[in-house]
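Asker: Below is the structure I would like to discuss, written out as structure tokens.
The values are calculated or read from the model by the stated rules, or taken from the named source; none is laboratory data. Here the structure is a predicted model, which means the values were calculated and not measured. Because the Cβ atoms are built from the backbone with ideal geometry, glycine has one as well, and the counts that use them run over all protein chains shown. Quick note on the areas: whole protein, heavy atoms, side chains included, nothing else; ligands and nucleic acids left out. Shrake-Rupley method; radii C 1.70, N 1.55, O 1.52, S 1.80 Å.
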Amino acid sequence: AAPLLAQGVAVGEAFLNPVFAAHSPKEFWGQRWNRQVNALLRRACFKPLASVAGPAAAALLTFGVSALFHEYQFALTFQGGGYRLGRVSAFFGAMASLCLAQTACERVPALRALARALPEPVQIGLNICTLAPFGHWFVLIWVEHGFMDTIARMVPTLSCA
């Protein structure tokens, strides 16, 4: 971002507090999580597919493209580390299912009205409770392969001995 800022290019935030500000799975993934990748997938996958196959199929296929990218990334990153193909795809499949379930619920007027009537902290809390059970499917891969330990070694620490 620094080289772009030095050239006067406006740089947007990559993440907009997705965990503690998103009211729903679709808001989490569609508006707050990794916004640059989201914009790319929206332009390159979702919009062209939605015009042909409809938004539900486009969403499912876009999550599939993201899953394939992550499988490729993890297979390269964790070479020789025992990464089993399909683990990250299961995570993205679950996230796609949650977003599609949300869309189905939004089509039921009573459920849509109920969701809108809930206080904001309750909406956010319910979203966290919906997404949290699946988080380890993604994060645990990084932990098991030592990525978090590597990051921890890169962060300066203060030791009081």
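Asker: How would you classify region 102-143 from its alpha-carbon gyration tensor, with a ≥ b ≥ c the square roots of the eigenvalues: rounded for a/c under 1.5, else prolate if a/b is greater than b/c, otherwise oblate?
Answerer: Oblate shape, in that a/c is at least 1.5 and b/c is the bigger or equal ratio.
Asker: Report, please, the projected area of region 25-132 averaged over directions, based on the convex hull of its C-alpha atoms, in nm².
Answerer: Values: hull surface 31.3 nm².
Average of the hull's projected areas for region 25-132 equals 7.8 nm².
Asker: Give, rounded to the nearest 20 debye, the magnitude of the charge dipole that region 46-161 has about its Cα centre when Lys and Arg contribute +1 at Cβ and Asp and Glu contribute -1 at Cβ.
Answerer: Values: 7 positive and 5 negative charges, 49 e Å.
Result for region 46-161 is approximately 240 debye, rounded to the nearest 20.
Asker: Can you give the relative contact order of region 1-61 as a percent, counting alpha carbon pairs under 8 Å and 6+ residues apart? Could the numbers behind the result be given before it?
Answerer: Numbers: 41 pairs, mean separation 12.6, N = 61.
Answer for region 1-61 is 21 percent.
Asker: What ranking do 47-54, 66-73 get when scored by the average of other Cβ atoms within 10 Å per residue, highest first?
Answerer: Details: 47-54: 12.5, 66-73: 15.8.
Result, highest mean Cβ count within 10 Å first: 66-73, 47-54.
Asker: Debye calculation, C-alpha points only, no solvent: report log10 I(q)/I(0) for region 74-133 at q = 0.16, 0.23 Å⁻¹, in the same order as the q values.
Answerer: -0.66, -0.98
Asker: Expressed as a fraction of 2.2 N^0.38 Å, the rule-of-thumb size for a compact globular protein of N residues, what is the C-alpha radius of gyration of region 119-161? Each step should come with its number before you reach the end.
Answerer: Numbers: Rg = 16.3 Å, N = 43, 2.2 N^0.38 = 9.2 Å.
Output field value: 1.77.
Asker: Still on this model: Using a 1.4 angstrom probe, figure out how much accessible area the chain has per residue, in square angstrom, rounded to the nearest whole. Numbers along the way, then the final one.
Answerer: Details: 10450 Å² over 161 residues.
Heavy-atom accessible area per residue stands at 65 Å².
Asker: While we're on this one: Expressed as a rounded percentage, what relative contact order does the chain have, with Cα pairs under 8 Å and six or more residues apart?
Answerer: Details: 119 pairs, mean separation 36.6, N = 161.
Once normalised by length, the contact order is 23 percent.
Asker: Please report the spacing between the Cα centers of region 19-81 and region 118-161 in Å, no decimals.
Answerer: Centre-to-centre distance over Cα atoms comes out at 19 Å.
Asker: Just by accessible area at a 1.4 angstrom probe, what is the order of 129, 160, 105, 99 from largest to smallest? Show your work: numbers first, answer last.
Answerer: Values: 129 95, 160 125, 105 65, 99 15 Å².
Largest accessible area first, the list is 160, 129, 105, 99.
Asker: Work out, step by step, the length gained on full extension between residue 114 and residue 130: first 0.36 nm times the residue separation, then minus their alpha carbon distance; give nm to one decimal. Each step should come with its number before you reach the end.
Answerer: Numbers: separation 16, 0.36 × 16 = 5.76 nm, distance 1.66 nm.
Taking 0.36 nm per residue and subtracting the Cα distance, the gain is 4.1 nm.
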